[in-house]
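To start, the structure itself, in structure tokens.
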Amino acid sequence: MRIGFGFDVHQLINEGDFWLGGIKIPSAKGILAHSDGDVLIHAISDALLGALSLGDIGMHFPDTDKSLKGIDSKIILSKIVEMITDKGYKISNLDCSVVAEMPKIKPFYDDMKRCIASICKIGVDDVSIKATTNEKLGFIGREEGITAYAVVLLVKI
Ligand SMILES: [Zn+2]
């Protein structure tokens, strides 16, 4: 078995879309990023790479690569899942936390879990998504940014 941890942060801005867990969520603010800015999928991607010591998402999908501009993060995740499979591992389960002051994401848990589970080729119950605010403290509390954390367990196929 191999364990992996991932973290990501993005800036919130007053325009653009808000993608989280592969789902477009209605939000007064959008996410600033080279890709679609899906902070949750990025944290999961880094956790998967970390579990097999394969570097990080920035190494495999650099933000200096113009061809990746606006890329759907679901594509990034599916490519990383392919890498994991090629190395002879599959995902056992994922546990994630999103820290954001807004918008309310709880109503979208099921859609996000279904989306992530299908890309990761695991059951919906093998994906855990939690969310909390930052109690109005710091850059998250001021609605300037959003962070996500993910832990993943891989098992040999
Ligand atoms: Zn990111």
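The values are calculated or read from the model by the stated rules, or taken from the named source; none is laboratory data. Just so it is clear, the structure is predicted and the values come from calculations on it, not from any experiment. Here the Cβ is made from the backbone with ideal geometry for all residues, glycine too, and neighbour counts use every protein chain on show.
Numbers for the structure displayed
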{"quantity": "Which numbered condition S53 misses (of (1) more than 13 Å from the chain's Cα centre (by Cα); (2) at pLDDT below 95; (3) among the polar types (S, T, N, Q))", "calculated": "(2)"}
{"quantity": "Matching entry among K69, K113, K90, K104 (being over 16 Å from the mean Cα position of the chain (by Cα) and in contact (Cβ under 8 Å) with a residue 60 or more places away in the chain)", "calculated": "K90"}
{"quantity": "Residue in region 22-39 that is surrounded by the most Cβ atoms within 10 Å (Cβ to Cβ), counting only those that are part of a loop (DSSP other than H, G, I, E, B) and away from the ligand (no atom under 13 Å from the Cβ)", "calculated": "G22"}
{"quantity": "Those residues of region 101-124 which are out of contact with any Asp or Glu (no Cβ under 7 Å at 6 or more places or on another chain), assigned to a loop (DSSP other than H, G, I, E, B) and closer than 21 Å to V39 by Cβ, in sequence order", "calculated": "P103, K104, I105, I122"}
{"quantity": "Selection within region 1-11 - assigned to a strand (DSSP E or B) and either more than 13 Å from the ligand (Cβ to nearest atom) or within 17 Å of L154 (Cα to Cα) (or both)", "calculated": "R2, I3, G4, F5, G6"}
{"quantity": "Enumeration of residues in region 40-55 that are more than 8 Å from the ligand (Cβ to nearest atom), touching a residue at least 40 places away in the same chain (Cβ under 8 Å) and not aliphatic (A, V, I, L, M)", "calculated": "D46, G50"}
{"quantity": "Single residue of region 60-100 satisfying the filter (at pLDDT below 95 and assigned to a helix (DSSP H, G or I)) that is nearest to the ligand (Cβ to nearest atom)", "calculated": "L68"}
{"quantity": "Qualifying positions in region 12-21 - of a type outside the set (D, E) and away from the ligand (no atom under 15 Å from the Cβ)", "calculated": "N14"}
{"quantity": "Residue check, F139 within 16 Å of the ligand (Cβ to nearest atom) and either at negative phi or surrounded by 15 or more Cβ atoms within 10 Å (Cβ to Cβ) (or both)", "calculated": "yes"}
